[in-house]
Amino acid sequence: MAFTKAATVQEIPAGKGMQVNLNGKVIALFNANGGFYAIDDTCPHRGASLSEGEVQGTEVICPWHNAWFDLTTGAHLSPPAPHGVGCYKVQVVGDEVQIDV
C-alpha cells in the first residue's frame with residue numbers, strides 16, 4: 001500500500017464527498033469537520049454511492065435508505081446496512097489529498 005493522490009483540497013468542499021477511483025477501488029473521499037476521510041463508496045445494503053450522502057460531523061448518511069456510517073472507521077451506525085465498509089488512511093501534502101490504497 002502507498003499513498004496516492006486522489007484529489008486536491010480545493011476539489012472537495014467542506015461537508016461534501018466525492019467519488020474517486022484508485023488502484024481498482026471505488027472510494028468515497030470526504031471533507032468533514034476540518035479533516036479528510038476515505039471509505040469504500042458502496043453501501044453494503046443496496047449499493048448506493050456513499051459519496052453522494054449527506055455529511056453530518058464525521059458521519060455520512062446513505063442517500064438511498066438512510067444507513068449511517070462513521071467516516072473515521074467505516075463502521076455502520078444504523079440499519080439497514082448489515083455491516084460497515086472499508087476505511088483508508090488519508091494525508092494532505094501541500095494541496096494534495098492522498099489515500100493509502
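GLY47: surrounded by fewer than 18 Cβ atoms within 10 Å (Cβ to Cβ), free of Cβ contacts under 8 Å to residues at least 40 places away in the same chain, of a type in the set (Gly, Ala, Ser) and on the phi > 0 side of the Ramachandran plot, yes or no?
Details: surrounded by fewer than 18 Cβ atoms within 10 Å (Cβ to Cβ): yes; free of Cβ contacts under 8 Å to residues at least 40 places away in the same chain: yes; of a type in the set (Gly, Ala, Ser): yes; on the phi > 0 side of the Ramachandran plot: yes.
In short, yes.
Results for (1) surrounded by fewer than 21 Cβ atoms within 10 Å (Cβ to Cβ); (2) more than 10 Å from the chain's Cα centre (by Cα), shown as yes or no for each residue.
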| residue | (1), (2) |
| --- | --- |
| ILE27 | no, no |
| ASN33 | yes, yes |
| THR42 | yes, no |
| GLU52 | yes, no |
| GLN56 | yes, yes |
| SER78 | yes, yes |
| GLU96 | yes, yes |
| ILE99 | no, yes |
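Tell me which residues, restricted to region 1-21, are of a type in the set (Gly, Ala, Ser) and within 14 Å of ASN31 (Cβ to Cβ). Steps first, please.
Taking region 1-21 as the starting set, the residues that turn out to be of a type in the set (Gly, Ala, Ser) are 2, 6-7, 14-15, 17.
Matches in region 1-21: ALA6, ALA7, ALA14, GLY15, GLY17.
Anything in region 62-79 that is part of a loop (DSSP other than H, G, I, E, B) and either hydrophobic (A, V, I, L, M, F, W, C) or out of contact with any strand residue (DSSP E or B) (no Cβ under 6 Å at 6 or more places or on another chain) (or both)? List them, or say none. Outline the logic, then answer.
Step one: of region 62-79, the residues part of a loop (DSSP other than H, G, I, E, B) are 62-67, 71-75, 77-79.
The answer is CYS62, PRO63, TRP64, HIS65, ASN66, ALA67, LEU71, THR72, ALA75, LEU77, PRO79.
For region 63-70, state whether one or more residues are among the small types (Gly, Ala, Ser), buried (at least 17 other Cβ atoms within 10 Å of the Cβ) and closer than 25 Å to ALA2 by Cβ.
no
Starting from residues that are out of contact with any Ser or Thr (no Cβ under 8 Å at 6 or more places or on another chain) and not in a strand (DSSP E or B), keep the ones in region 80-94 and report whichever is surrounded by the most Cβ atoms within 10 Å (Cβ to Cβ). Write out each step before concluding.
From region 80-94, those out of contact with any Ser or Thr (no Cβ under 8 Å at 6 or more places or on another chain) are 80-83, 86, 88-94; that's our starting set.
Then drop every residue that is not not in a strand (DSSP E or B), which leaves 80-83, 86, 89, 94.
Working: PRO80: 14, ALA81: 22, PRO82: 9, HIS83: 9, GLY86: 13, LYS89: 12, GLY94: 8.
Within region 80-94, the match that is surrounded by the most Cβ atoms within 10 Å (Cβ to Cβ) is ALA81.
Would you mind listing the strands (runs of 3 or more DSSP E) fully within region 1-61 where at least 3 residues are within 21 Å of GLY84 (Cα to Cα)? Write out each step before concluding.
On the way: elements: 3-8, 16-22, 25-32, 35-40, 54-56, 59-61.
Strands (runs of 3 or more DSSP E) meeting the threshold: 16-22, 25-32, 35-40, 54-56, 59-61.
Laboratory data are not the source of any read-out in this text; all were calculated from the coordinates shown. In this text, all values refer to a predicted model and were calculated from it rather than measured experimentally. Don't worry about glycine lacking a Cβ; one is built from the backbone with ideal geometry, like all the others, and counts go over all protein chains shown.
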